[in-house]
Amino acid sequence: MFVARSIAADHKDLIHDVSYDFHGRRMATCSSDQSVKVWDKSENGEWHCTASWKTHSGSVWRVTWAHPEFGQVLASCSFDRTAAVWEEIVGESNDKQRGLSHWIKRTTLVDSRTSVTDVKFAPKHMGLMLTTCSADGVVRIYEAPDVMNLSQWSLQHEISCKLSCSCITWNPSSSRAHPPMFAVGSDDSNVTYSGKVQIYEYNENTRKYSKAETLMTVTDAVHDIAFAPNLGRSFHVLAIATKDVRIFKLVPMRKESVSTGPTKLEVQIVAQFDNHNSQVWRVSWNITSTLLASSGDDGCVRLWKANYMDNWKCTGILKGDGSPLTGSSGQPAAMSTVVGSSVQTSQSAPNGAPAGRYFFPPLDPPRAGSRYAHLLPPSRLIEHCDAEPSQLPPHRLYSRALLPLPEAE
């Protein structure tokens, strides 16, 4: 059973982004109060603010962590038309702050002429690279030639998307069969262009990024976009937050040996959900790409999962304002087991409301022997509801134990 825990963030204005580090033990928040705060998780599970500083001269839209291989490094972007790179350092022995850590600005990237709307580090196998997208419709890719000197960044690529950019995501695949690829979303109200999501791929011959595909069916403003972790798949999976949640499968077509252009992609929409009944602002995958979380203006985080038939359905609704949670039928939803995956939100409980309970509707289990059977959670990760039997619906009083999977022949 999950319980909503609010955090007194003490930002003086709207919080625009929350970002976890690689290990999920640190968190960064950014706000229209022009500041970034860093939070560390203690052993008892409480979050404590360990750093807070003014980062920009305008609203800070996004904050993101670099891979820990490159140290404790953050990047932020702002309405003030800049992006900045920050590094945490520990005070030297002759310093007054001996042994204490503090964050210093390593560089400011000033190439954009308009608001910088998103910033993302590239997958670590590409080295220390940083990507920004701006309201002027330009994606810029920077590289730090020396990872020990984060004050030096060189602009490697400048790609014009012809649409105001709102969000960007890298394809995390490290397979040699997949050239570097990113997707960019737009919230441009210009009706001349219908496709609000563009896919770009790196070409080894020209050493430039070129457009591989435009998702013409996405015609509404896109607020967030996220490639799923690849895990050796031959195709790519892309989640989009717009007026609803959409999941696309991008299947690379076989490339002709003489072809020098980008890989042609077969675009398939595998799921579309309007359960939020409002604008969807964020989508985020778990590390195994088996679970997608989305958040919307309805004040809920919804969890989505595919069954063994590759049919996606809602497996959980997380509400943090303390109000009773009702299903689509208007009746409270309940179940007897919960899979041990958690998603934390930055929404605080208003007026000191008590923490809300999270209820998960039942999910069809993978069929034994199917390619999804290995996704069954181990029994130690299945927790039983703490409700009394008299409080549970009759059809949920008994739960079957997981049967052992057959040995592969």
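Points worth noting:
- Sub-6 Å Cβ pairs linking a first residue in segment 281-302 that is within 21 Å of LYS120 (Cβ to Cβ) to a second residue that is open to solvent by less than 20 Å² (accessible area, probe 1.4 Å) and among the aromatic types (Phe, Trp, Tyr), at least 6 apart or interchain, are LEU292/TRP304, ordered by first then second residue.
- Failed item, numbered, when THR132 is tested on (1) of a type in the set (Val, Ile, Thr); (2) open to solvent by 60 Å² or more (accessible area, probe 1.4 Å); (3) under 17 Å from VAL63 (Cα atoms): (2)
- Inclusion of TYR209 among residues that are in contact (Cβ under 8 Å) with a residue 60 or more places away in the chain and closer than 30 Å to VAL60 by Cβ is warranted.
- Any hit, segment 140-158, residues being open to solvent by less than 50 Å² (accessible area, probe 1.4 Å) and of a type in the set (Lys, Arg): yes
- Filtered by the rule that a residue be over 25 Å from ASP187 (Cα atoms) and either of a type in the set (Asp, Glu) or free of Cβ contacts under 8 Å to residues at least 12 places away in the same chain (or both), segment 106-144 gives a lone residue, GLU143.
- Long-range neighbours under 6 Å by Cβ, at least six apart or interchain, first residue under 21 Å from VAL119 (Cα atoms) within segment 30-53, second surrounded by fewer than 17 Cβ atoms within 10 Å (Cβ to Cβ) and among the charged types (D, E, K, R): SER31/ASP13; SER32/ASP13; ASP33/LYS12; ASP33/ASP13; GLN34/LYS54; SER35/LYS54
- Residue in segment 223-239 that is in contact with a strand residue (DSSP E or B) (Cβ under 6 Å, 6 or more places away or on another chain), farther than 25 Å from ASP188 by Cβ and of a type in the set (Ser, Thr, Tyr) present: no
The values are calculated or read from the model by the stated rules, or taken from the named source; none is laboratory data. Values in this document were obtained by computation on a predicted structure and should not be read as measured data. Virtual Cβ from ideal backbone geometry, glycine too; neighbours counted across all protein chains shown. Please note that ligands, DNA and RNA were not included when accessible areas were found on the heavy atoms of the full protein model with its side chains. Shrake-Rupley method; radii C 1.70, N 1.55, O 1.52, S 1.80 Å.
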